[in-house]
Amino acid sequence: MDCTAVAFGSRLQERSTSWQVARRRLLSRLAEYAFIAPALGLLAAIILFPILTALYLSFHNVRLVPPAQAFMGFATAFNRLENYAEVLANPDFLVAFGNTTAFTLVTVVGSLALGLAFALMLDSAIKGRSLWRILMLTPWVVAPVVAGSTWRWMFETRYGVFNALIRTIIPSAPPVLWLADPTMALVSVSATNVWLRTPFMMVMLLAGLQAIPPEEYEAAAVDGASAWQRFRFITIPHLSFVILVATLLEGIWTFKHFDIVQVMTGGGPGRATELLSTLIYKTSFEFFRFGPAAAMGMLVTAALTVVAVCYVRLLRSRD
Amino acid sequence: MRRPRRAGVSREPGGVSRRTFLTATAATAGITAAGGLAGLLAARQAPAAAQRTVELRFYDWKLTDKPPRKALELITAEFTKKYPTIRVKLEEVSWPDHQKKLVVLAQGGSPPDVARITDAGVLPLANIGAIDPLTEWAVKNKADEFLTKIPPSVRKGLQFKGADYMACATASMDILTWNKELFKGAGLDPERPPKTWEELAEYARKTTDPKKDQYGWGIMSERSNSASRRVIAWILSGGGELFNEQGTELVANSEGALRGFQYWADLALKHKACPPGSTNAAFRDVMRGYGQGKIAMFDGGPNNPKMAEVDYPGILERTDMGPMPDPWRCPLRSSGFVLMNGGKFKEEAMLLISWMTSVYGQVEYGLESYEVPIRADAATDPKLKRERLLVQSAAQTVKGVANPALHVKYAEIEQKLFDAMQATLAGSKTAKQALDDFVAEGNKILKRT
């Protein structure tokens with residue numbers, strides 16, 4: 001056998017081997033896709049389909065008809081941007097937008113402040129730390145609807161526990177209209193949501209706190225730094241990224257919040273606690289006006305997408 | 001001797017091999033598929049079984065309260081005795097959600113066969129094709145009594161494009177309900193209720209004692225049908241109207257309408273006769289206060305103290321009812337049964353509707369629930385005469401006027417009325433500003449195509 005034949009045979013063997021490798025890789029890749037296909041299909045069905053349907057409805061005049069007459073029972077007629085124009089001119093939408101922004105700000109700031117305080121407490125050498133941790137996480141496991149009903153009773157003007165406490169301390173005090181006064185109602189529902197959301201902030205911040213090297217605190221203590229200086233110049237800089245991420249996530253979740261307000265006030269009194277989510281719910285399921293409701297939903301999605309993009313960019317920059 | 005490990009079969013120590021994992025996955029998928037296939041086959045065979053025994057789905061918010069539930073269980077059991085092949089499955093739903101859930105069920109393709117709705121729901125549901133007309137079946141079977149016995153003005157208001165969609169069963173008109181003990185305690189004659197609006201305000205003030213947490217008037221203002229209908233009654237009684245004669249425009253900011261609306265709000269704002277926090281007081285709040293003897297009067301039907309009796313025994317005995325003070329012009333509200341479009345068993349459903357709205361059905365239901373039958377021959381049935389409050393309420397109800405709040409877009413307009421009510425009670429708008437805004441905003445809704 002001459003050298004040429006050997007080289008040819010070797011090349012042939014190499015090519016055959018590389019083809020086999022490629023085939024195996026392809027099969028492996030196909031198998032991977034096959035495994036995730038059901039999950040992808042499910043995601044498309046439960047996320048993509050409703051979003052696309054809402055987008056479609058937002059550009060149409062929608063009339064409900066029996067399901068046998070039209071797809072999903074929606075008889076539609078294209079109306080360009082009419083739904084969006086109507087929504088933006090609707091004073092209720094602007095009120096709901098303002099309320100939602102205020103509700104989100106109070107929730108985020110309140111839960112951040114309380115979450116940080118509790119996280120610092122749990123990070124210190126406090127007695128019965130496990131018990132405190134369980135107690136502080138309790139609101140997280142309570143369903144929002146249950147929390148809303150419970151707090152509604154606690155805020156009740158005549159029979160609620162808060163007014164009973166006030167009466168115990170100051171017997172002549174007039175009852176506080178927690179949910180009946182327009183301003184107090186927004187404060188009360190926001191306070192309830194702060195209670196519900198604080199554990200999330202606490203968990204995030206506690207994880208951040210525990211990642212701070214203790215040597216830095218020891219060095220600062222040796223240098224004579226006060227507790228406030230250690231908090232200001234070590235804790236806060238280390239936690240800044242966690243705070244930013246938690247704030248963005250909390251902001252996104254709270255902006256589309258629904259249950260607490262629906263259960264506690266239904267958006268009232270008047271429109272005092274009307275949020276975008278409760279307004280969308282009423283517009284679609286009480287007035288059956290799915291076009292404007294979908295347009296509102298799309299506007300909220302667009303606003304939240306901007307925040308979500310900031311979040312993703314933030315994570316990437318960190319990486 | 002240990003078997004040599006085959007190439008390509010990876011296994012972590014103590015883990016599961018790829019082969020075992022794939023086999024288990026395939027087996028699970030196979031079992032799931034077999035189960036699904038069996039289910040499909042069973043579903044295909046179901047119609048054959050259904051021909052033997054039919055199960056009708058009956059949807060009703062009244063099932064959440066004990067007295068009406070007892071009546072409905074009795075009436076449907078009697079129905080099954082008469083038609084042994086038809087069983088009735090009672091499906092309860094909460095009052096605030098009953099209409100939207102019905103729409104969702106209808107649009108999802110699984111509506112109940114028969115549902116109870118209020119008069120306010122008929123036109124919106126008929127407009128979207130969620131309910132079927134009843135006229136054809138009634139004429140074909142020569143069984144149109146459940147339609148012809150409805151007072152003509154009420155029946156006309158419930159028709160959509162000339163067809164009947166609801167078989168009315170009950171009628172109600174809010175009349176004065178008072179606690180005789182609280183009247184006595186305030187030095188008032190419990191046998192002589194207030195006759196004029198001025199007297200009503202005076203009685204409400206006299207029975208109010210915030211130190212005892214006791215108030216003269218129970219006001220309802222939350223976002224519910226119960227509250228808006230009561231306010232409309234005050235608007236009509238003041239001399240106003242909700243809509244113009246053609247039903248094309250809201251006119252509820254007239255002088256008369258303002259008089260009624262202002263009076264309603266003044267019971268809370270000027271006379272301070274309503275419990276604190278009345279800005280969004282619910283029907284249940286008033287019932288609780290009345291049941292506990294903390295509210296002296298409210299505008300309600302005989303079924304209200306009957307409901308309160310369940311939690312506060314003895315309240316029925318302490319209650320009396322009579323006409324509201326003059327001038328009083330109250331809409332006559334009704335509820336009844338509808339045939340759902342997409343329901344499985346139309347013929348059987350119509351038999352049930354016919355049974356529920358018969359004299360037997362209405363009397364038996366009235367006896368337990370304390371709701372006034374809409375049929376005159378049922379309302380005057382001797383069996384009902386032993387129920388004092390029911391008779392007093394029935395006497396007022398026959399004087400009622402047909403409900404003006406029936407409109408395809410009523411749900412949206414009602415939201416604007418709630419805004420007006422709550423803004424006035426919260427003091428953020430005067431009664432006039434609130435009504436003007438209500439009319440302006442409501443008319444925009446009516447004009448929208």
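The values are calculated or read from the model by the stated rules, or taken from the named source; none is laboratory data. In this text the structure is predicted, and so the values were computed from the model without any measurement. Neighbour counts are summed over all protein chains in view; Cβ atoms, including those assigned to glycine, are modelled from backbone coordinates with ideal geometry. To get the accessible areas, we keep the full protein, side chains included, count just its heavy atoms, and leave off ligands, DNA and RNA. Shrake-Rupley method; radii C 1.70, N 1.55, O 1.52, S 1.80 Å.
With respect to chain B, whose longest principal axis is taken over its alpha-carbon atoms, helix B:225-237 is tilted by about 30°.
Per-residue surface analysis assigns B:I150 an accessible area of about 10 Å², computed on protein heavy atoms at 1.4 Å probe radius. Rounded, prolate or oblate: which one fits region B:68-205, using the alpha carbon gyration tensor with axes a ≥ b ≥ c (rounded when a/c is under 1.5, else prolate when a/b beats b/c, else oblate)? Because a/c hits 1.5 or more and a/b exceeds b/c, region B:68-205 counts as prolate.
Backbone amide hydrogens, once placed in the peptide plane, bring A:E156 within less than 5 Å of A:V161, excluding anything fewer than 5 places away on its chain.
Scoring A:171-183, A:124-136 by mean Cβ neighbours within 10 Å over their residues and listing the highest first yields A:171-183, A:124-136.
Calculate the mean, over all residues of peptide B:217-226, of how many other protein chain Cβ atoms lie within 10 angstrom of the residue's Cβ.
Numbers: counts 0, 0, 0, 0, 3, 4, 8, 1, 0, 0.
If you average over the peptide's residues, the count of other-chain Cβ atoms is 2.
A simple packing score, the average count of other Cβ atoms within 10 Å per residue, orders the peptides B:310-320, B:385-395 as B:385-395, B:310-320, with the highest score first. A cut-off under 14 angstrom between Cβ atoms defines the neighbours of A:P214, and their net charge, with Lys, Arg +1 and Asp, Glu -1, is -3. GNM on chain B, alpha-carbon springs under 10 angstrom: the most fluctuating residue among B:A420, B:A77, B:A281 is B:A77.
What accessible area, summed over both chains, is buried at the A-B interface (1.4 Å probe, Å², nearest 100)?
Working: alone 19530 and 21520 Å², together 38300 Å².
For chain A against chain B, roughly 2800 Å² becomes buried.
Sparsely packed loop sites in region B:219-282 (the trypsin sites (Lys or Arg not before Pro) outside DSSP H, G, I, E and B with at most 12 other Cβ atoms within 10 Å) comprise B:K270.
Less than 12 Å Cβ to Cβ from B:I75, Lys/Arg counted +1 and Asp/Glu -1: what total charge do the surrounding residues give? Walk me through the intermediate numbers first.
Details: positive: B:K62, B:R69, B:K70, B:K81, B:K82; negative: B:D60, B:E73, B:E78, B:E364, B:E368.
Taking every Cβ under 12 Å from that of B:I75, the sum is 0.
Against the main long axis of the alpha-carbon atoms of chain B, helix B:255-269 sits at an angle near 80°. Contact-buried residues of region A:255-276, at a threshold of 30 Å² lost accessible area versus the chain by itself: A:P269, A:G270, A:R271 (1.4 Å probe; DNA, RNA and ligands ignored).
Taking all protein chains into account, the per residue accessible area for region A:56-155 stands at 57 Å² (1.4 Å probe). Loop-resident trypsin sites (Lys or Arg not before Pro) (DSSP state other than H, G, I, E or B) in region B:86-150 with no more than 15 further Cβ atoms inside 10 Å of their Cβ: B:K142. Within the accessible surface of chain B, defined with a 1.4 Å probe on protein heavy atoms only, the carbon and sulfur portion equals 55 percent. Look at the alpha carbon pairs under 8 Å that are at least 6 residues apart: their mean separation over the length of chain B gives a relative contact order of 22 percent.
Rounded, prolate or oblate: which fits region B:260-316, taking a ≥ b ≥ c as square roots of the Cα gyration tensor eigenvalues, rounded meaning a/c under 1.5, else prolate when a/b beats b/c? Mind showing how you got there, number by number?
Details: a/c = 2.41, a/b = 2.01, b/c = 1.20.
It comes out prolate by the Cα gyration axes.
Rounded to the nearest Hz, the phi-derived 3J(HN,Hα) couplings of region A:15-20 under the Karplus curve 6.51 cos²θ - 1.76 cosθ + 1.60 (θ = phi - 60°) are 4, 4, 5, 5, 5, 5, where x marks glycine and proline.
Using packing as a proxy for protection, rank A:211-221, A:280-290 so that the peptide with the highest average count of other Cβ atoms within 10 Å comes first. Walk me through the intermediate numbers first.
On the way: A:211-221: 12.0, A:280-290: 21.2.
Descending mean neighbour count gives A:280-290, A:211-221.
Name the residue farthest towards the positive end of the dipole of region A:164-319 from the options A:P171, A:A294, A:T305, assuming +1 on Cβ of Lys and Arg, -1 on Cβ of Asp and Glu, about the Cα centre. After comparing all options, I get A:A294.
The string of couplings for region A:228-243 from the Karplus curve (6.51, -1.76, 1.60, θ = phi - 60°) is 5, 5, 5, 5, 5, 9, 10, 5, 4, x, 5, 8, 4, 5, 4, 4 Hz, one whole number per residue in order, with x for Gly and Pro. DSSP bridge analysis restricted to the protein assembly as shown gives an antiparallel fraction near 70%, rounded to the nearest 5.
Among the trypsin sites (Lys or Arg not before Pro) in region B:394-445, which ones are in a DSSP loop with at most 14 other Cβ atoms within 10 Å of the Cβ? Mind listing them?
Values: sites: B:K399, B:K409, B:K416, B:K429, B:K432, B:K444; in loops: B:K399, B:K409, B:K429.
Passing both the DSSP loop test and the Cβ count: B:K399.
For B:K432, a cut-off of 12 angstrom between C-alpha atoms picks up these aspartates and glutamates, skipping any fewer than 8 places away in its own chain: B:E255. Per-residue Karplus couplings for region B:289-299, computed as 6.51 cos²θ - 1.76 cosθ + 1.60 with θ equal to phi - 60°, are listed in order as x, 5, x, 7, x, 9, 10, 8, 9, 7, 9 Hz, Gly and Pro entered as x.
When you restrict to C-alpha pairs under 8 Å that are six or more residues apart and normalise by the size of region B:272-413, the relative contact order lands at 24 percent.
Within region A:107-186, what whole-number % of the accessible surface is contributed by carbon and sulfur, with the 1.4 Å probe and all protein chains included in the calculation? Each step should come with its number before you reach the end.
Working: 3510 of 4620 Å².
Taking all protein chains in place, region A:107-186 shows 76 percent carbon and sulfur surface.
The angle separating the long axis of helix B:410-426 from the principal Cα axis of greatest extent in chain B is about 60 degrees. Near B:C330, the amide H atoms lying under 5 Å from its own belong to B:V401; only residues 5 or more places off or on other chains count, and H is placed 1.01 Å from N. Annotation: amide H-H contacts under 5 Å for B:R87 (H modelled 1.01 Å from N, sequence separation of 5 or more, or interchain): B:V54, B:E55, B:L56.
Hey, got the average number of other protein chain Cβ atoms within 10 angstrom for residues in B:107-116? Mind dumping the intermediate values first?
On the way: counts 8, 3, 5, 1, 2, 0, 0, 0, 0, 0.
What the average comes to for B:107-116 is 2.
Among the listed pairs B:K272/B:K409; B:K184/B:K294; B:K212/B:K270; B:K212/B:K272; B:K140/B:K385; B:K206/B:K306, a Cα-Cα separation exceeding 24 Å is found for B:K272/B:K409; B:K140/B:K385; B:K206/B:K306.
Remind me, relative contact order of region B:288-342 in percent, using alpha carbon pairs under 8 angstrom and six or more residues apart? Numbers along the way, then the final one.
Working: 23 pairs, mean separation 14.3, N = 55.
Worked out over region B:288-342, it gives 26 percent.
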